[in-house]
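Read the structure below first, then the notes.
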Amino acid sequence: MGFSTTAIHAGNEPDASTGSVSVPIYQTSTYAQDGLGKHKGYEYARTQNPTRSALEKNISALEGAKFGFAFASGMSATDATLKLVKAGDHVILGNNTYGGTFRLFDRILTNYGIEFDLVDTTDVHNVEQAFRENTKMVFVETPTNPVMSLTDLEAVSSLAHTQGAIVVCDNTFMSPYLQRPLELGVDVVVHSTTKYLNGHSDSVGGFVALNDERHAEWIGFVQNSVGAILSPFDSFMVLRGTKTLAVRMDRHNENGQAVANFLVEHPKVEKVYYPGLVSHPQHELAKRQQKGFGGMVSFETGSLENAKSVLESVKVFTLAESLGGVESLISHPATMTHAAVPYETRQELGITDGLVRVSVGIEDIEDLISDLDQALD
Ligand code: P1T
């Protein structure tokens, strides 16, 4: 079955007791048992909830995964995934990730004996050199937030597997419609469903998708033991969101490319970061690895003053953190999403004070371009 058919039908069977076509919100904390040890497969709602199970089936199918787990946020999904390593293990972390992911490693996981190195994973040779005897995981985002660098998932996965390590890919920026990491050899996919999967900026959630049964058992155990589960209401919201994922992503692709093309030609813009531009250093890899280039575009305005002026002059774009919703957002990575990343690292990566990031929504493209045009002027 095709992607859209799967998105609309996987996990969305009509409700067995009422025929309800949309999966109901099972807003309950517990389930009546017929007798001691006799129940309908549901005992307690931290452990199982039918609305959450429907979403777990749905996104697993979209990622081509055997197993999937829905979490309360993207960060809790990442945190649960990091419980696949233990004290004394080493993780190779892509040097450009969402600031919160870096912060989780830098401020929390190190307290529990997990070692990590930041590595520029755009070149597989750097990854090869970073392996240590105790390296158990390579964790990457591709394209990265916010400078849109790519990692060759197939090359990194085959390298990691020869070294006995697993590969985790944060697929938030692409969604499974544009990139399917498990098919390229990646072991675990994580998502912030807050972004494209839900798609309407009205729910916070996360997801872990994977194929290995032993690892899946552990992630499920962590989900139940720690309890950072996605609520029934949010599960319903994301389930509704994924039904339109394909049509939304097609428009995000179109609008993202149009905005990038416009910015590249603008005299006040010094540099544009978008994998759909022929000038992007990894454009060929993007064409091979992704089904589209997405709706995230970053650009260099040259100074904090210029960035501030653009950020405060837009009228259709909204100044806000987050991304992946139908409405266009604009943000300042250095002081917002990536404030937890040390200044020097930010400079090395290109996360300067003049860098502006846009999440291009699905509004009319003429309105988005004229808004950016007047803000830049
Ligand atoms: O916000 P949360 O649902 O916990 O997701 C965290 C997260 C994980 N991975 C990526 C690639 C992300 O971009 C995020 C969250 N990012 C933003 C809030 C942002 O504006 O970039």
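The values are calculated or read from the model by the stated rules, or taken from the named source; none is laboratory data. The shown structure was predicted, so the numbers you read here are calculated from the model rather than taken from an experiment. Using ideal geometry, Cβ is built from the backbone for each residue, glycine included, and neighbour counts are taken over all protein chains shown. Protein only, heavy atoms only, side chains kept; ligands, DNA and RNA dropped before computing areas. Shrake-Rupley method; radii C 1.70, N 1.55, O 1.52, S 1.80 Å.
Overall, the chain carries a charge dipole of about 1100 debye about its Cα centre when +1 sits on the Cβ of Lys and Arg and -1 on the Cβ of Asp and Glu, all other atoms neutral. For Thr28, the amide hydrogen comes within under 5 Å of no other amide hydrogen, counting only partners 5 or more places away or on other chains and with H modelled in the peptide plane.
Sorting 11-24, 107-120, 313-326 by average packing, meaning the other beta carbons within 10 Å per residue, from highest down gives 313-326, 107-120, 11-24. Phi angles across the range 14-29 convert, under the Karplus curve 6.51 cos²θ - 1.76 cosθ + 1.60 with θ = phi - 60°, into 3J(HN,Hα) values of x, 4, 4, 8, 10, x, 3, 6, 8, 5, x, 8, 7, 8, 9, 9 Hz, Gly and Pro given as x. Among the protein heavy atoms, those of Arg46 account for about 90 Å² of accessible surface (1.4 Å probe, every chain in place).
For Ile114, the amide hydrogen comes within under 5 Å of the amide hydrogens of Gly88, counting only partners 5 or more places away or on other chains and with H modelled in the peptide plane. Per residue, the accessible area of the chain comes to 42 Å², computed with a 1.4 Å probe over protein heavy atoms only. In order along the range 201-210, the phi-based Karplus estimate (6.51 cos²θ - 1.76 cosθ + 1.60, θ = phi - 60°) of 3J(HN,Hα) comes to 6, 9, 7, 10, x, x, 8, 10, 10, 7 Hz; Gly and Pro are listed as x. Multiplying the residue separation of Ala320 and Asp15 by 0.36 nm and subtracting their alpha-carbon distance yields 106.0 nm.
Ordering Ala70, Ser359, Asn96 by Cα displacement along the dipole of the chain toward the positive end leaves Ala70 in first place; charges were set at the Cβ atoms of Lys, Arg (+1) and Asp, Glu (-1).
Note on Leu304 and Leu36: the extension gain reaches 90.0 nm, defined as 0.36 nm multiplied by sequence separation minus the Cα-Cα distance.
Taking amide H positions as modeled 1.01 Å from N, with prolines and chain starts lacking one, the residues under 5 Å from Thr172 and 5 or more places away or on another chain are Ser192. The angle separating the long axis of helix 50-63 from the principal Cα axis of greatest extent in the chain is about 50 degrees.
Taking only protein heavy atoms and a 1.4 Å probe, the accessible area of the chain is 52% carbon and sulfur. Pairs over the 24 Å Cα-Cα cut-off, from the set Lys66/Lys243; Lys40/Lys243; Lys268/Lys308; Lys195/Lys287; Lys66/Lys287; Lys57/Lys195: Lys40/Lys243; Lys66/Lys287. What angle do you read, to the nearest 10 degrees and between 0 and 90, between the alpha-carbon axis of helix 153-162 and the longest principal axis of the chain? Helix 153-162 sits roughly 60 degrees off the main axis of the chain. For the range 1-93, applying the loop criterion from DSSP together with a ceiling of 13 other beta carbons within 10 Å to the GluC sites (Glu not before Pro) yields Glu43. Summed over qualifying helices (DSSP H, 4 residues or more, each -39500 (n - 2.57)) and divided by its residue number, the chain shows a 222 nm mean residue ellipticity of -10500 deg cm²/dmol.
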